[in-house]
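*Asks:* One structure follows; several queries about it will come next.
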Amino acid sequence: MSTRTNYPLLPPPERGTGGAFLLAALMHLLLLALLVYGLHWQSSTPAGVEAELWSELPELTPTPPQPAAVPQQPTPAATPQPQIGKAEIALEQTKRRQQQLEAQQKLAKQEQLKKQQQLAEKQRQERLAQEKKQQEQLRLKQQLAQQKIEQQKKLKQQTAQAKEQAERQHQARLAALKNLAAKNTVNQGTAVASKGNGAGGQGSPGYANKVRQRVKPNIIFEASHVAGNPRTVVSVQCAPDGAILSVSLSQSSGNAAWDEAVLRAVQKSDPMPRDTDGKVPRHFIMTFQPKD
């Protein structure tokens, strides 16, 4: 009858285990013997040795014992810096160059903007100065024009006043001379000149030529336009000082243009020249021909 137990089954014992333990013990004993022998050899005192020195050597100064070297403290190892790759360095340099370039561009833009603002301000100042100058010139022109208008107006007024006054004086003088001439008419004689050399009144024989020399330069007429040599006779009344009181056509030449030219010339010759006695005949008749 077999007996059963509740213990688990054990593996069978290995072979050669005892020999291994024995070999290990022998090795430990051998190692212990070697250690003991080494300690004993180091602690043994060596035998003394005597020697004689025959050569004379200088007395040697004993060397003082060197102090024991102080063990140096180990230098702490530097913390290794993280190595940056070439690509990262190049990227950083490129980034810096880009930043510098942007900064330079920004500064250049600011300088350009400043110059543009200065130029615009300068142009504005020049434009204002030009406008001011033009306004000043316009104001001066207006002032000059106004002054000119006022001067012309004043001159016209003065001319009109002088003309009116001269006309009044002339009319008064004519009236006085006519009155004087009317009183002396009975004492005055008349005559008709022959061949254009006549003299009238109480003038001397050469007085007619003197009057002709005064009147002829004032005749404006082209004699070549007249056929023949027609004769125009004019009657002239003068004051004692030679002022012409009246001029009238006594005989027409048949050419109205020539007659008008003679009458205008006589009126333009006012006053008439004095005679040899210093007086002017009151009335005389003159004959004029274009081709004389």
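The values are calculated or read from the model by the stated rules, or taken from the named source; none is laboratory data. Note that the structure is predicted; figures quoted are calculated from it, not measured. Glycine gets a Cβ as well: all are built from the backbone with ideal geometry, and neighbour counts include every protein chain shown. Heads up: the accessible areas ignore ligands, DNA and RNA and are worked out on the full protein's heavy atoms, side chains in. Shrake-Rupley method; radii C 1.70, N 1.55, O 1.52, S 1.80 Å.
*Asks:* How much accessible surface does residue 247 have with a 1.4 Å probe, in Å² rounded to 10?
*Replies:* 30 Å²
*Asks:* Please give the FRET efficiency for residue 267 paired with residue 141, using the beta carbon to beta carbon distance and R0 = 51 Å, rounded to the nearest 0.05.
*Replies:* Values: r = 45 Å, r/R0 = 0.87.
E(calc), rounded to 0.05, equals 0.70.
*Asks:* At 0.36 nm per residue, and after removing the present C-alpha to C-alpha distance, how many nm does the segment from residue 148 to residue 102 gain when stretched out fully? Please report the intermediate quantities before stating the final value.
*Replies:* Working: separation 46, 0.36 × 46 = 16.56 nm, distance 6.76 nm.
That pair, residue 148 and residue 102, stretches by 9.8 nm at full extension.
*Asks:* As a test of reading the structure, rank 285, 220, 149 by solvent-accessible area (1.4 Å probe, protein chains only), most first.
*Replies:* Details: 285 25, 220 130, 149 95 Å².
Per-residue accessible area, sorted high to low, gives 220, 149, 285.
*Asks:* Counting every Cα pair in the stretch 88-142, what percent are over 19 Å apart?
*Replies:* More than 19 Å apart: 61 percent of the Cα pairs in the stretch 88-142.
*Asks:* Oh, and also: Starting from the 7 Å offset along Cα-to-Cβ, what nm value, one decimal, do you get for the label separation of residue 91 and residue 292?
*Replies:* For residue 91 paired with residue 292, the spin-label model returns 13.0 nm.
*Asks:* Next up: On a straight-distance basis, which lysines could pair with residue 148 in a cross-link, Cα separation under 20 angstrom, same-chain partners fewer than 8 positions away excluded?
*Replies:* Output for residue 148: 156.
*Asks:* Right, here's the next one. With a point put 7 Å past each Cα toward its Cβ, work out how far residue 130 is from residue 110 in nm, to one decimal.
*Replies:* 3.3 nm
*Asks:* Which residues' amide hydrogens lie under 5 Å from the amide hydrogen of residue 250, considering only partners 5 or more residues apart or on another chain, with H built in the peptide plane?
*Replies:* Amide H neighbours of residue 250: 233, 234, 235.
*Asks:* Full-extension gain between residue 158 and residue 218, please, as 0.36 nm times their residue separation minus the C-alpha to C-alpha distance.
*Replies:* Between residue 158 and residue 218, full extension yields an extra 18.7 nm.
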